[in-house]
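The values are calculated or read from the model by the stated rules, or taken from the named source; none is laboratory data. This is a predicted model, so every value here is computed, not measured. Here the Cβ is made from the backbone with ideal geometry for all residues, glycine too, and neighbour counts use every protein chain on show. Side chains are part of the model used for accessible areas, which takes the heavy atoms of the whole protein and leaves out ligands, DNA and RNA. Shrake-Rupley method; radii C 1.70, N 1.55, O 1.52, S 1.80 Å.
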Amino acid sequence: MTNQYADLKKLKSDFTINEIGKFQFYSGIAIGIGFSLIFNSLFRVFLKMCNVGEIITDLSWSNYYSYEFSIYYLILIGFTSVGFSFCFTTYLWMSKTFATNRKKNIRLRMAQTNTIWILFGTLFFLLRMFWFFAGVNLTIEKDFAYLGFMFPIFIYLYCWNLISDIYKSKKPFLMTSLIIIVIGIILSGI
């Protein structure tokens, strides 16, 4: 029985920089940080555009430029942009050209496909929800405060689920979780 368990442990390799590839690992981090800055800016613009009804009634664009974000929305946008950008990081980390065996190669391709699918699926849903809230007296902050943070948490954990399906990754998960929290807090203050 222990021999079978030892064989199962050998199926998953450790999640390390050398296993991923140095170029893929560091380029994934750099592109993830770049996309987090882009998503942070885009989400702020979209949130301002959700108040387009107020701009039209005043016939002034000064409301658009003078819009003040609440602390809640700044934190939500910071963490959501990091969560979405982690999909690109995961995509690059899983882009190993040739794996050690065929099953691992198939899992890597599925992980790449699923990260892009979850990115755009949740992005479209989130943007549609922003536009829905623009026309109704509902707000994410007042009516769905905790549920707003489920988007970045879901995306981040989904990507790590794909990674842990291929690699043993408990310690990297804990380290990147702390890094993601720090980057989310930094982006919320930008």
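Odds and ends about this structure:
- Given (1) modelled with pLDDT of 70 or more; (2) open to solvent by less than 60 Å² (accessible area, probe 1.4 Å), number of the condition F154 does not satisfy: (2)
- Filtered by the rule that a residue be of a type outside the set (S, T, N, Q), exposed (fewer than 10 other Cβ atoms within 10 Å of the Cβ) and modelled with pLDDT of 85 or more, the range 1-22 gives a lone residue, K22.
- Among the numbered conditions (1) closer than 30 Å to S70 by Cα; (2) in a helix (DSSP H, G or I), the only one that A145 does not meet is (2).
- Any pair with Cβ under 8 angstrom, 6 or more apart, that starts in the range 155-172 at a residue that is touching a residue at least 12 places away in the same chain (Cβ under 8 Å) and ends at one that is aliphatic (A, V, I, L, M) and part of a loop (DSSP other than H, G, I, E, B): L162/M94; I163/M94; I166/M94
- Helices (runs of 4 or more DSSP H) wholly inside the range 28-135 that include at least 2 residues being modelled with pLDDT under 75: 52-58, 62-65, 102-135
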